[in-house]
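**Q** Quick one: the structure is below, and I'll ask about it shortly.
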Number of protein chains: 2
Amino acid sequence: MSISDSKVLSTGPLAEEEARWTKLVKTTYQDPNGVTRTWESAERRTRPKDADIDGVGIVAILDKPTGKEIILQKQYRPPIDMITIEVPAGLIDAGETAEQAAVRELKEETGYVGVVTETSPIMYNDPGFCNTNLRMIHVSIDMSLPENQNPQPELEENEFIEVFTVPLANLWDECKKLEAEGCAIDARIGTFAEGILIAQRLKL
Amino acid sequence: MSISDSKVLSTGPLAEEEARWTKLVKTTYQDPNGVTRTWESAERRTRPKDADIDGVGIVAILDKPTGKEIILQKQYRPPIDMITIEVPAGLIDAGETAEQAAVRELKEETGYVGVVTETSPIMYNDPGFCNTNLRMIHVSIDMSLPENQNPQPELEENEFIEVFTVPLANLWDECKKLEAEGCAIDARIGTFAEGILIAQRLKL
């Protein structure tokens, strides 16, 4: 069993009556000149009523003797029929804070137990197209703790995730290499790598 | 006239027959165990047939005597009813390369004329939810050129964009400040800033 055994069997339009997780929205708005216009967009149906975000992305950094490494995941994503490279991530449960969701998802998806060190602003994934958003939560993992010696993910029966780590300092080159191997790069990790690259090149 | 005069008048469900720019898709796929499952996602209807991306984001860096600055934009986005902070960006036209789209959009949206210096892997904005994607194109702007002395955007009549620049080295703090002022941070610029921050803190 490997995530590369996943494949699309068929695709087709999804009728509104049938949709359980997604929806299309028509917004009528007034532009700065007072002109009335419309805009089409997509939304998740799953955001809890009291939440201001759909989910969290987790920047989990391991302090290894050879240097800092970031935890990444390979996962088959049906919307693009590819294996993606993403940070650990997940949707918020009702009543949960972003930080609680991050610690829970990191444990479930990777087995590691960590402590939150930073919470990002709310970030919008593609705000001309959809309202989906997240906070990036930085989690520090103490590798000397007994529970982090042999981390075991607790995946749901429809989750298939491969966890791996890459050196932070080479993240841009790793993304290019993974793309050359046929993987799809998530924009959140791709532009994060781009920021590291620019900081290194321009000595920021 | 100011982009902050924009506002939502009403929102409602968008019927599939009426949608011109977006659509919902149902994918039937086989998981690694051979189990047949379905997944709901959203797509743009505008990607040209011969294109592998929807659009481009532009990392345009100005080399000023006081330090490197990045060009950002404020724009009202109806899907979230907020003013966003984004890099200059745009959709690909049919027959156009990513690099051509970047130079064209940068000129249209900011007035600056630049030269492409780097093309990113294809990045997927939210691949568990939608198939939208882009390449980030780095563009170098020669500030000594006559055409870059007094750059004038050429916006379409339904585009309302405010262009500004911020120091690259402080991008994370600038994002936090802009969020505190009520702006929404696009994930592509937010995680780019996060990469710079991490590279600085960890001395990558």
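**Q** I want to confirm something. Restricting to the range A:2-36 and keeping residues that are among the charged types (D, E, K, R) and part of a loop (DSSP other than H, G, I, E, B), which single residue is nearest to B:Asn158 (Cα to Cα)?
**A** Just the residues of the range A:2-36 that are among the charged types (D, E, K, R), to begin with: A:5, A:7, A:16-18, A:20, A:23, A:26, A:31.
Next cut, part of a loop (DSSP other than H, G, I, E, B) only: A:20, A:31.
Values: A:Arg20: 33, A:Asp31: 8 Å.
Within the range A:2-36, the match that is nearest to B:Asn158 (Cα to Cα) is A:Asp31.
**Q** Any idea which of (1) more than 7 Å from chain B (Cβ to nearest Cβ); (2) surrounded by fewer than 16 Cβ atoms within 10 Å (Cβ to Cβ); (3) closer than 24 Å to B:Arg201 by Cα is the one A:Leu197 doesn't satisfy?
**A** Of everything listed in (1) more than 7 Å from chain B (Cβ to nearest Cβ); (2) surrounded by fewer than 16 Cβ atoms within 10 Å (Cβ to Cβ); (3) closer than 24 Å to B:Arg201 by Cα, A:Leu197 misses just condition (2).
**Q** Let me spell it out: the conditions are (1) surrounded by fewer than 16 Cβ atoms within 10 Å (Cβ to Cβ); (2) closer than 30 Å to B:Met82 by Cβ, and A:Val115 meets all of them except one. Which number is the exception?
**A** Checking A:Val115 against (1) surrounded by fewer than 16 Cβ atoms within 10 Å (Cβ to Cβ); (2) closer than 30 Å to B:Met82 by Cβ, the one that fails is (2).
**Q** Another question, then. Looking at (1) touching a residue at least 12 places away in the same chain (Cβ under 8 Å); (2) out of contact with any strand residue (DSSP E or B) (no Cβ under 6 Å at 6 or more places or on another chain); (3) at the interface with chain B (Cβ under 8 Å from one of its Cβ atoms), find the lone condition where A:Asn158 falls short.
**A** (1)
So that you can scan it fast, the table gives a plain yes or no per residue for (1) touching a residue at least 24 places away in the same chain (Cβ under 8 Å); (2) facing chain A (nearest Cβ under 9 Å); (3) surrounded by fewer than 23 Cβ atoms within 10 Å (Cβ to Cβ):
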residue	(1), (2), (3)
B:Thr132	yes, yes, no
B:His138	yes, yes, yes
B:Pro151	yes, no, yes
B:Ala169	yes, yes, yes
B:Glu174	no, no, yes
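Laboratory data are not the source of any read-out in this text; all were calculated from the coordinates shown. The model shown is predicted, which means the values in this text are computed figures rather than measured ones. Using ideal geometry, Cβ is built from the backbone for each residue, glycine included, and neighbour counts are taken over all protein chains shown.
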